[in-house]
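Q: Dropping the structure in here first, questions after.
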Amino acid sequence: MKDIRSKLKGTGVAIVTPFSKSGSLDFKAYEKVLELVIQGGCEFVVVLGTTGESPTILKEEKRDLIRYSVEKNAGRIRLVVGVIDSVRQTSFDGVDAVLSVCPYYNKPQQEGIFMHFKSVSEASPVPVILYTVPGRTASNISATTTLRLARECRNIIGIKEASGNLDQISQVLKNRPEGFLVLSGDDAITLPLLALGADGVISVVANVFPAEFSAMVRYGLKGDFKKAREIHFRLLDFMNSLFADGSPAGVKAALEIKKLAGNHLRLPLVPVNDSTYQLIKQHIKI
């Protein structure tokens, strides 16, 4: 367990799921992005996360995408899979950990969130990373609940924190048990979180600039914030343009501009508008 936690520090990439114009999975484009991420020096990749448009991926497609990722990665970096459906229905051969999002729509109490993740932990054959993103789920894993899960569920090894609440994240960082990972879920505040002691990031931007973003994270983890700031500021305008019309619409536009994947999404998501596309194109030349 300790070994896998050390392997999930640094930069993880919430990899996109490219589609063809007809809407089917584009495995050739996916392999291009995966290779860019691996060659860019990122520590791990997250398949079927928010950026991977997991809510609109069919069960059979998820199975095929996980299998393809395991095959093409061939053990070169660590592989994390986002799971919304039952973990019992997922094959974890070649998978290092699960990213499990906070229950959504029902707006559960914190006790319900705790019991949910306890159940996920007990069912999962691989370590579990919590994922709180209240802007999407309308529910939040509080610092108290996160710490309780960290202490009581041995199989829960960390959290992707996308609440944007610096006080909440600081409370987790201050009081977490030894070895519990705290990963930024927001590219723009990754550097400040590293300064507070976070262990890394699960990034959208690193789909496009994996070498640059992972270098920034490594500098931050080493305490070289001067060099980390230089990269952060160099990427800042690009990051802002990338999320102007939502994610993953922005990153798919950027990947099309870089001729890595088509700019195709599944409804209800649609491509960015023309002005945002041109803004991304302008800022991509960093």
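The values are calculated or read from the model by the stated rules, or taken from the named source; none is laboratory data. Since this is a predicted model, take the numbers as computed values, not measurements. In this analysis, Cβ positions are derived from the backbone assuming ideal geometry, glycine residues included, and neighbour counts consider all displayed protein chains. Each accessible area value is taken on the protein alone, full model and side chains, heavy atoms only, with ligands, DNA and RNA left out. Shrake-Rupley method; radii C 1.70, N 1.55, O 1.52, S 1.80 Å.
Q: Quick one: Pro177 ticks every box in (1) over 24 Å from Ser54 (Cβ atoms); (2) in contact with a strand residue (DSSP E or B) (Cβ under 7 Å, 6 or more places away or on another chain) except a single one, so which number is it?
A: Failed condition: (2).
Q: Can I ask one more? Quick check on segment 250-284: of everything there that is in a helix (DSSP H, G or I) and of a type in the set (Lys, Arg), which residue is nearest to Asn207 (Cα to Cα)?
A: So the residue we want is Lys252.
Q: Can you tell me how many residues in segment 68-98 are in a helix (DSSP H, G or I) and over 22 Å from Gly40 (Cα atoms)?
A: Quick first cut of segment 68-98, residues in a helix (DSSP H, G or I) only: 68-73, 87-89.
Remaining after also requiring over 22 Å from Gly40 (Cα atoms): 87-89.
Number satisfying all stated conditions: 3.
Q: Does Ser214 satisfy the condition of being assigned to a helix (DSSP H, G or I), in contact with a helix residue (DSSP H, G or I) (Cβ under 6 Å, 6 or more places away or on another chain) and polar (S, T, N, Q)?
A: It is false that Ser214 is assigned to a helix (DSSP H, G or I), in contact with a helix residue (DSSP H, G or I) (Cβ under 6 Å, 6 or more places away or on another chain) and polar (S, T, N, Q).
Q: Looking only at segment 231-249, which residues are part of a loop (DSSP other than H, G, I, E, B) and over 11 Å from Val205 (Cα atoms)? Before the answer, list the steps.
A: Let us first name the residues in segment 231-249 that are part of a loop (DSSP other than H, G, I, E, B), namely 243-248.
Of everything in segment 231-249, those that are part of a loop (DSSP other than H, G, I, E, B) and over 11 Å from Val205 (Cα atoms) turn out to be Ala244, Asp245, Gly246.
Q: State yes or no: is Ile189 more than 19 Å from Phe44 (Cβ to Cβ) and among the β-branched types (Val, Ile, Thr)? First the steps, then the outcome.
A: Numbers: more than 19 Å from Phe44 (Cβ to Cβ): yes; among the β-branched types (Val, Ile, Thr): yes.
Yes, satisfied.
Q: Still on this model: Looking at Val81, is it in contact with a Lys or Arg (Cβ under 8 Å, 6 or more places away or on another chain), surrounded by 19 or more Cβ atoms within 10 Å (Cβ to Cβ) and on the phi < 0 side of the Ramachandran plot?
A: On the way: in contact with a Lys or Arg (Cβ under 8 Å, 6 or more places away or on another chain): no; surrounded by 19 or more Cβ atoms within 10 Å (Cβ to Cβ): yes; on the phi < 0 side of the Ramachandran plot: yes.
For Val81, the condition - in contact with a Lys or Arg (Cβ under 8 Å, 6 or more places away or on another chain), surrounded by 19 or more Cβ atoms within 10 Å (Cβ to Cβ) and on the phi < 0 side of the Ramachandran plot - is not met.
Q: Here's another thing I want to ask about it. Under the condition of being in a helix (DSSP H, G or I) and within 20 Å of Gly179 (Cα to Cα), which residue from segment 121-141 is most open to solvent (accessible area, probe 1.4 Å)?
A: Step one: filter segment 121-141 for residues in a helix (DSSP H, G or I), giving 121-123, 134-137.
When the remaining residues are screened for being within 20 Å of Gly179 (Cα to Cα), the result is 121-122.
Numbers: Ser121: 13, Glu122: 135 Å².
Ranking the candidates gives Glu122 first.
Q: For segment 96-109, name all the residues that are out of contact with any Lys or Arg (no Cβ under 8 Å at 6 or more places or on another chain), surrounded by fewer than 21 Cβ atoms within 10 Å (Cβ to Cβ) and under 30 Å from Asp3 (Cα atoms).
A: Once the filter is applied, which keeps residues that are out of contact with any Lys or Arg (no Cβ under 8 Å at 6 or more places or on another chain), surrounded by fewer than 21 Cβ atoms within 10 Å (Cβ to Cβ) and under 30 Å from Asp3 (Cα atoms), segment 96-109 yields only Pro103.
Q: Which residues, counting only those in segment 164-199, are in a helix (DSSP H, G or I), open to solvent by 20 Å² or more (accessible area, probe 1.4 Å) and acidic (Asp, Glu)?
A: Asp167
Q: Looking at segment 99-114 only, could you name the residues that are of a type in the set (Ser, Thr, Tyr) and either part of a helix (DSSP H, G or I) or closer than 20 Å to Ile156 by Cα (or both)?
A: In the first step, residues of segment 99-114 are kept if they are of a type in the set (Ser, Thr, Tyr); the result is 100, 104-105.
Matches in segment 99-114: Ser100, Tyr104.
Q: Among the residues of segment 6-45, which ones are farther than 30 Å from Leu267 by Cβ, under 16 Å from the mean Cα position of the chain (by Cα), in a helix (DSSP H, G or I) and of a type outside the set (Lys, Arg)?
A: Ile38
Results for (1) more than 19 Å from Leu183 (Cα to Cα); (2) without any contact (Cβ under 8 Å) to a residue 60 or more places away in the chain; (3) open to solvent by 10 Å² or more (accessible area, probe 1.4 Å), shown as yes or no for each residue.
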{"residue": "Val201", "(1), (2), (3)": "no, no, no"}
{"residue": "Phe213", "(1), (2), (3)": "no, no, no"}
{"residue": "His232", "(1), (2), (3)": "no, yes, yes"}
{"residue": "Leu267", "(1), (2), (3)": "yes, no, yes"}
{"residue": "Val270", "(1), (2), (3)": "yes, yes, yes"}
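Q: State the number of residues belonging to segment 11-54 that are on the phi > 0 side of the Ramachandran plot and buried (at least 21 other Cβ atoms within 10 Å of the Cβ). Before the answer, list the steps.
A: Taking segment 11-54 and keeping what is on the phi > 0 side of the Ramachandran plot, we get 23, 41, 48, 53.
So of that shortlist, the ones also buried (at least 21 other Cβ atoms within 10 Å of the Cβ) come out as 48.
Total meeting the criteria: 1.
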